2 protein chains.
Amino acid sequence: MQLTSVRLEPPYLLYLGDTPDDDHAKTGHGIAYWRPEHCAGQMRLGDCPVDLGLPEMSVADAVDAGVKTVIIGVAPLGGQIPDHWLPQLIEFARVGIDIASGMHSKLKSMPDLVAAAYKGGSTLTDVRVPPANLPVGQGKPRSGKRILTIGTDCAVGKKYSALALHRELERRDFKATFRATGQTGIMIAGEGIPIDAVVADFISGAAEVLSPDNDDDHWDVIEGQGSLWNPSYSGVTLGLLHGSQADALVVCHDAARTNILDVFGDYPIPELDEVVDDALRLARRSRPRCFCAGVSVNTSTMTDFEREAYLGKLQDHLGLPCVDPVATGMSPIVNFLLKHA
Amino acid sequence: MQLTSVRLEPPYLLYLGDTPDDDHAKTGHGIAYWRPEHCAGQMRLGDCPVDLGLPEMSVADAVDAGVKTVIIGVAPLGGQIPDHWLPQLIEFARVGIDIASGMHSKLKSMPDLVAAAYKGGSTLTDVRVPPANLPVGQGKPRSGKRILTIGTDCAVGKKYSALALHRELERRDFKATFRATGQTGIMIAGEGIPIDAVVADFISGAAEVLSPDNDDDHWDVIEGQGSLWNPSYSGVTLGLLHGSQADALVVCHDAARTNILDVFGDYPIPELDEVVDDALRLARRSRPRCFCAGVSVNTSTMTDFEREAYLGKLQDHLGLPCVDPVATGMSPIVNFLLKHA
């Protein structure tokens with residue numbers, strides 16, 4: 001079957017609308033940061049304060065620059081595309097530029113936009129829609145090597161860590177592919193499967209399709225989703241873990257987080273040695289030799305001194321490389337990974 | 001929100017078509033066995049050899065007997081409704097009798113049937129379609145008591161064991177509700193949520209909706225799905241486990257099974273003490289006081305002597321009641337459950 005439902009063609013124009021702040025423009029920032037070579041420009045409405053540092057473009061500019069895809073790089077509250085963005089999106093569609101969105105409201109459910117895309121020969125891509133006809137997981141051992149990021153909670157840096165691992169592997173001339181499982185990751189990679197939008201029966205099947213058989217020396221770096229310790233999303237995480245057949249896990253954590261976010265009730269984040277043990281025990285069901293290659297911690301609330309003390313202590317305790325992917329980089333984890341794989 | 005997507009009104013007529021054998025009529029057998037008081041009759045085509053022991057009925061007989069719902073009690077290969085069944089189903093719809101199906105092909109996708117149902121005022125229910133607008137799991141502790149069946153694999157008796165537990169609790173005049181999570185269970189209960197058809201993000205939310213707050217002395221007996229040890233479906237199982245907030249688990253097993261069915265690769269079923277420990281460790285994330293109330297084993301391949309020796313040895317080893325739900329009954333597990341809850 002076709003690997004994924006989504007393929008985005010660069011160069012991109014990142015559409016920001018009149019988004020009020022950077023928090024709502026994480027997708028745009030992610031794409032601009034990780035794929036600057038694919039980003040030709042940005043478009044904003046009115047006095048939108050968000051700035052990705054890309055050239056400002058009109059529709060005509062985008063045509064001149066050879067832009068192939070407009071990516072809606074923001075997530076407005078409620079996930080709906082506001083009506084007043086529609087005229088510009090329709091203009092893009094009319095001139096044959098593709099449009100991609102990860103929002104809850106689907107581009108393909110907007111009749112005027114669909115009509116314009118039909119006339120203009122433009123493709124509308126709703127990134128949150130999983131591929132049709134995903135298989136049930138088969139459990140069959142696969143060739144190639146895979147590493148998966150596992151979070152102590154949601155929003156602790158699983159995507160960032162996976163992208164940083166992938167970049168470090170490529171920097172060292174290893175064959176590696178970033179495998180995206182969430183909307184922003186998919187837009188950065190240009191392809192992927194939105195694993196949390198898949199029907200429950202097919203989670204591990206989707207994970208198997210996402211990271212298929214590969215060369216023995218090739219690494220798939222798989223973006224984790226949810227958390228085994230978050231009772232809202234643990235099913236997604238376990239299905240992804242079992243389907244991924246990871247050779248190695250990287251545990252991702254936010255040092256400032258003591259409890260699972262956005263749940264009601266008492267859900268403390270376990271100690272990290274327990275996290276590693278529990279994750280490996282589950283992972284080894286489908287990949288008996290799986291090991292933990294390190295811990296990637298968001299320590300952005302710490303001073304340099306605090307960070308050094310925290311990571312040093314953690315590293316001594318776990319016997320694993322412990323890094324902040326932004327402040328200290330992924331190199332120690334990649335060293336450990338390559339030594340033990 | 002409305003508790004479940006499905007409500008079936010008895011009395012039922014069980015439709016068997018020309019199903020070739022009992023293996024393809026498990027749904028019909030399950031409904032006839034567990035809900036005889038709801039079953040008015042059966043209908044077969046030609047020389048169908050399957051017999052549920054119910055009165056044979058024509059459409060006119062069904063009208064006379066006050067049948068409210070025709071349930072398609074079979075699962076043909078491929079899950080499609082054969083064209084030659086359609087004339088009879090259309091006749092039922094025309095006379096205002098509801099139709100329910102758990103097959104992959106949807107009743108509501110058959111235009112002639114939909115038209116007949118519209119004219120006749122009959123409701124078409126596709127049991128595999130989950131409710132719309134399920135919430136994300138919240139993790140909020142709930143009142144009431146819940147027990148969940150957990151399988152060492154798929155098809156080891158989770159539904160049967162849950163129904164037998166429910167029956168035993170009701171026999172002892174406890175307040176109890178069977179909570180169905182699969183198509184046959186839903187048809188037996190008359191309501192429920194097909195948990196494996198829910199979008200991955202909402203598995204535990206669906207489980208929370210399925211077993212809501214209740215009286216402190218009320219038991220929800222929840223039908224398990226999939227298996228934590230089956231890499232194809234483990235995500236469904238963990239989401240259901242975390243969302244159910246079970247006070248007690250009953251482990252279900254098939255004594256003749258040493259490996260997970262229908263997967264490719266080496267997936268031995270772990271020892272049962274390991275199964276109990278692993279399941280409790282995960283369950284306690286959302287219900288810290290969760291305990292195991294016993295093990296329910298399909299020992300149908302054993303002689304009475306072998307069964308007694310097997311269950312006795314297992315019981316000594318685990319320190320938990322170990323039963324065959326058919327051969328020895330659920331009473332010891334319910335005794336243990338009520339003593340420790």
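The values are calculated or read from the model by the stated rules, or taken from the named source; none is laboratory data. This structure is a prediction, so every number in the text was calculated from the model and none was measured. Every residue, glycine as well, gets a Cβ built from its backbone with ideal geometry; the counts of neighbours run over all protein chains shown.
Can we say A:Ala279 is touching a residue at least 12 places away in the same chain (Cβ under 8 Å) and touching a strand residue (DSSP E or B) at 6+ places or on another chain (Cβ under 7 Å)? Answer is yes for this residue. Summed over the range A:41-64, the residues that are of a type in the set (A, V, I, L, M, F, W, C) and either in contact with a Lys or Arg (Cβ under 6 Å, 6 or more places away or on another chain) or over 17 Å from A:Leu89 (Cβ atoms) (or both) give a count of 3.
Being in the same structural domain as A:Ile333 (by TED's automatic domain parsing) and either closer than 30 Å to B:Ala132 by Cα or in contact (Cβ under 8 Å) with a residue 40 or more places away in the chain (or both) narrows it down to one residue among A:Ala189, A:Ala207; which is it?
Being in the same structural domain as A:Ile333 (by TED's automatic domain parsing) and either closer than 30 Å to B:Ala132 by Cα or in contact (Cβ under 8 Å) with a residue 40 or more places away in the chain (or both) holds for just one of A:Ala189, A:Ala207, which is A:Ala207.
Residues in the range B:195-249 that are small (Gly, Ala, Ser) and closer than 15 Å to A:Tyr233 by Cα: B:Ala200, B:Ser204, B:Gly205, B:Ala206, B:Ala207, B:Ser234, B:Gly235, B:Gly239, B:Gly243, B:Ser244.
Assuming A:Gly319 fulfils every condition listed in (1) in contact (Cβ under 8 Å) with a residue 24 or more places away in the chain; (2) out of contact with any strand residue (DSSP E or B) (no Cβ under 9 Å at 6 or more places or on another chain); (3) small (Gly, Ala, Ser); (4) loosely packed, with under 15 Cβ neighbours inside 10 Å apart from one, which condition is it? All conditions pass for A:Gly319, except number (1).
In summary, B:Phe92 fulfils each of the numbered conditions (1) within 14 Å of chain A (Cβ to nearest Cβ); (2) crowded, with 16+ Cβ neighbours inside 10 Å; (3) hydrophobic (A, V, I, L, M, F, W, C) with the single exception of condition (1). Within 25 Å of A:His29 (Cβ to Cβ), in contact (Cβ under 8 Å) with a residue 12 or more places away in the chain and in contact with a His (Cβ under 6 Å, 6 or more places away or on another chain), is that true of A:Gly66? For A:Gly66, the condition - within 25 Å of A:His29 (Cβ to Cβ), in contact (Cβ under 8 Å) with a residue 12 or more places away in the chain and in contact with a His (Cβ under 6 Å, 6 or more places away or on another chain) - is not met. Candidates are the residues of the range B:186-207 that are of a type outside the set (S, T, N, Q), touching a Phe, Trp or Tyr at 6+ places or on another chain (Cβ under 9 Å) and within 13 Å of chain A (Cβ to nearest Cβ); the one that is nearest to B:Lys339 (Cα to Cα) is B:Ile203.
Scanning the range A:118-156 for residues that are in contact with a His (Cβ under 8 Å, 6 or more places away or on another chain), away from chain B (no Cβ under 14 Å) and either of a type in the set (Gly, Ala, Ser) or exposed (fewer than 15 other Cβ atoms within 10 Å of the Cβ) (or both) yields A:Gly144, A:Gly151. Please verify whether the range B:249-263 includes one or more residues that are in contact with a helix residue (DSSP H, G or I) (Cβ under 8 Å, 6 or more places away or on another chain), of a type outside the set (A, V, I, L, M, F, W, C) and either over 24 Å from A:Glu208 (Cβ atoms) or not assigned by TED's automatic domain parsing to the domain that holds B:Asp324 (or both). Yes, the range B:249-263 has at least one match. Taking the criterion of being within 14 Å of chain B (Cβ to nearest Cβ), within 22 Å of A:Ala100 (Cα to Cα) and part of a helix (DSSP H, G or I), would at least one residue in the range A:167-185 satisfy it? Checked the range A:167-185: at least one residue is within 14 Å of chain B (Cβ to nearest Cβ), within 22 Å of A:Ala100 (Cα to Cα) and part of a helix (DSSP H, G or I).
Filtered by the rule that a residue be farther than 30 Å from B:Thr237 by Cβ and part of a loop (DSSP other than H, G, I, E, B), the range A:310-324 gives A:Gly319, A:Pro321, A:Asp324.
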